[in-house]
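Before any comments, here is the structure.
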Amino acid sequence: MANNYFSFKKFTINQERAAFKVGTDGVLLGAGAGISGVKRILDIGTGTGLISLMLAQRCSAEIVAIEPDIESYLQAKENVLCSGWASRITVLNVRLQDLSPDTGTFDLIVSNPPYFIDSLKNPDPVKSSARHNCNLTQEELLQSVSALLGEDGRLEVILPYAEGNIFIAEAGNYSLYCNSILKIKPLPSSEIRRLILSFSRKRVKVAEKFLTIERGSRHDFTEEYISLTKDFYLNF
């Protein structure tokens, strides 16, 4: 059973009410998303508020974090209020599809989105909604991002390998083009399991990088993973 809280170096995530707990995917996106020149950030499906808090630690941008599940929203709001960046993070209990156009545009949009397209759903309806795309399809996500992203803005998402490649193809239909891919393996001998994808409105040659999390045994982390996350994890 996951702990009811997760302590990082500069903030704590309480997570007893959230649909999903702190996980490696969120940490990777929060630590790896590009923040250069970013003034406004939208975090879609913030869950516990993890990614928003990580980004607030890394930059001085204003952040809007949206979460449709009421219990997760209340948890994220609590975590933000207990942090040192509450003045810069606004948490909203709203679906992306219902986000007001008055919210404006963003320099960076991040999401650890629902990604299981056809797989067996979790019997817990809250967890099922958080991890399946029945309530937020790839098309709905991309349509909203296309309207909310600034002209020079970026979208960054983390997805499983297969779903990520589908997402790249789908994004082109909304004039959003993949600029970079970080390919992530749990172990040196593993297949690529996750992709962190960066999109913009510009067509450029795709830059590819690789990240392996562990050397070969549990908690024997690679130097590259430690370097990426050392500002957050207590044991690095």
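The values are calculated or read from the model by the stated rules, or taken from the named source; none is laboratory data. Note that this is a predicted model, so its numbers are computed, not measured. Cβ: placed from backbone, ideal geometry, glycine included. Neighbour counts: every protein chain shown.
Key figures
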read-out: Sole exception among (1) in contact with a Leu (Cβ under 6 Å, 6 or more places away or on another chain); (2) closer than 24 Å to GLN57 by Cβ for TYR174, by number; value: (2)
read-out: Residues within segment 193-226 that are surrounded by 11 or more Cβ atoms within 10 Å (Cβ to Cβ), closer than 30 Å to PHE106 by Cα and not charged (D, E, K, R), tallied; value: 12
read-out: Residue count, segment 157-174 (criterion: surrounded by fewer than 21 Cβ atoms within 10 Å (Cβ to Cβ) and in a strand (DSSP E or B)); value: 1
read-out: Residue list for segment 161-190, filter: over 15 Å from GLU139 (Cα atoms) and either out of contact with any strand residue (DSSP E or B) (no Cβ under 7 Å at 6 or more places or on another chain) or basic (Lys, Arg) (or both); value: ALA162, LYS183, LYS185, SER189, SER190
read-out: Subset of segment 69-92 (residues that are touching a Leu at 6+ places or on another chain (Cβ under 8 Å), farther than 20 Å from ARG154 by Cα and of a type outside the set (Ser, Thr, Tyr)); value: ASN79, VAL80, TRP85, LEU92
read-out: Of all residues making up segment 175-192, the number that are without any contact (Cβ under 8 Å) to a residue 40 or more places away in the chain and either within 20 Å of the chain's Cα centre (by Cα) or in a helix (DSSP H, G or I) (or both); value: 10
read-out: Boolean, ARG218 is charged (D, E, K, R), under 27 Å from LEU136 (Cα atoms) and in a loop (DSSP other than H, G, I, E, B); value: no
read-out: Criterion (within 23 Å of THR103 (Cα to Cα), over 10 Å from the mean Cα position of the chain (by Cα) and at pLDDT 95 or above) met by exactly one of THR48, THR12; value: THR48
read-out: Filter result (surrounded by fewer than 18 Cβ atoms within 10 Å (Cβ to Cβ) and of a type in the set (Val, Ile, Thr)) within segment 1-31; value: THR12, THR24
read-out: Any pair with Cβ under 6 angstrom, 6 or more apart, that starts in segment 199-213 at a residue that is within 21 Å of GLN143 (Cα to Cα) and ends at one that is in a strand (DSSP E or B) and of a type in the set (D, E, K, R); value: SER200/ARG154
read-out: Options LEU234, LEU228, LEU211, LEU195: the member that is closer than 28 Å to CYS59 by Cβ and either of a type in the set (Asp, Glu) or part of a helix (DSSP H, G or I) (or both); value: LEU228
read-out: Hey, SER100 of a type in the set (Ser, Thr, Tyr) and either surrounded by 19 or more Cβ atoms within 10 Å (Cβ to Cβ) or at pLDDT 95 or above (or both) or not; value: no
read-out: Residue match in segment 64-80 (condition: closer than 23 Å to ILE181 by Cα, crowded, with 16+ Cβ neighbours inside 10 Å and either touching a strand residue (DSSP E or B) at 6+ places or on another chain (Cβ under 9 Å) or not basic (Lys, Arg) (or both)); value: no
